[in-house]
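Taken together, the values in this text are just the output of simple stated rules run on the coordinates, not laboratory data. Note that the structure is a prediction, hence the values are computed from the model and not measured. All Cβ positions, even for glycine, are placed from backbone atoms using ideal geometry, and neighbour counts span all protein chains on display.
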């Protein structure tokens, strides 16, 4: 059989899918703005629904919890981890770095596209402050990171022929997800108004790659020995 390269393209978005995507985006954007302005605990889901012209039930059809209205992007990260870490030709650290680069690029591109990038950067900082200062959001954030660690451990274990609960996949996955914490911390530190979005991206990228070097050699050796 002759080998061929198949190019896959996403199917065109139908009207129903587009409407659902836009509704979801409107809900999370509205909720985020209200939470940042007034505080997470003060704003009720019913208020968010009214502001978007939908029922409270509709909100929960899209977002299972109030916390997920604000912390919804992790689903994309989970999907990227499942795809990236499963590639046997790419080291787990490199796969994680590619995902982080894409997420960082999207964030700094959004900041650069705003009328006032400095104000947009300050809003990103307030977003981080809101999570840190709200117990329910901190708990949701930790739970989500635990779920991502479990996903990464399962894939790494599969590549090494081990069980996901074995210590090596567990520590490897925990270290990998720690790179996201480095990226968050870098963004908070560098978005001080003294750097352009491109400079912020490069500074954060350097920090993340410095951290990645600490775990890369060990992970490569671990997988090579299996």
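Averaging the sequence gap over all C-alpha pairs within less than 8 Å and six or more residues apart, then dividing by the number of residues, gives the stretch 26-106 a relative contact order of 22 percent. Using the Cβ-Cβ distance between residue 221 and residue 184 with R0 = 30 Å, the FRET efficiency computed as 1/(1 + (r/R0)^6) comes to roughly 0.60.
Of the residues 204, 43, the one with the fewest other Cβ atoms within 10 Å heads the list, and the complete ranking is 43, 204. Exposure proxy shown here: for 168, 56, the number of other Cβ atoms within 10 Å sets the order, fewest to most, as 56, 168. In this label model, residue 146 and residue 89 are separated by 3.8 nm, measuring between points 7 Å along each Cα→Cβ vector.
Picking from 208, 54, 93, which is most flexible by a Gaussian network model of the chain using Cα springs under 10 Å? Among 208, 54, 93, the largest GNM mean-square fluctuation belongs to 54.
Pairing the Cα long axis of helix 167-190 with the longest principal axis of the chain, what angle in degrees results, from 0 to 90 and rounded to the nearest 10? Around 40 degrees separate the two axes. Using equal-weight Cα scatterers in the Debye expression, the normalised intensity of the stretch 15-66 in log10 at q = 0.21, 0.22, 0.29 Å⁻¹ is -0.70, -0.76, -1.21. Based on Cα contacts under 8 Å between residues 6+ apart, the chain shows a relative contact order of 19 percent.
Indicate the gyration tensor shape class of the stretch 120-226 (rounded, prolate or oblate), computed on the Cα atoms with a ≥ b ≥ c the square roots of the eigenvalues: a/c under 1.5 is rounded; otherwise a/b larger than b/c is prolate and the rest oblate. Oblate. Relative to the longest principal axis of the Cα atoms of the chain, the long axis of helix 197-224 makes an angle of roughly 40 degrees. Have a look at 191, 162, 100 and tell me which one the Gaussian network model of the chain (Cα, springs below 10 Å) gives the largest fluctuation. Among 191, 162, 100, the largest mean-square fluctuation in the Gaussian network model of the chain belongs to 162.
If you fit an axis through the alpha-carbon atoms of helix 135-160 and take the longest principal axis of the Cα set of the chain, what angle between them do you get, 0 to 90°, nearest 10? So the inclination is approximately 20 degrees.
Counting other Cβ atoms within 10 Å as a rough exposure proxy, the listed residues 62, 190 run 62, 190 from fewest neighbours to most. Distance between the 7 Å Cα→Cβ label points at residue 46 and residue 199: 4.9 nm. When both the stretch 183-215 and the stretch 56-108 are represented by their alpha-carbon centers, they are found 19 Å apart. So if we plug the beta-carbon distance of residue 74 and residue 116 into 1/(1 + (r/R0)^6) with R0 = 35 Å, what FRET efficiency do we get, rounded to 0.05? For residue 74 and residue 116, the calculated efficiency is 0.80. Subtracting the Cα-Cα distance of residue 21 and residue 38 from 0.36 nm times their residue separation leaves 3.5 nm of extension gain.
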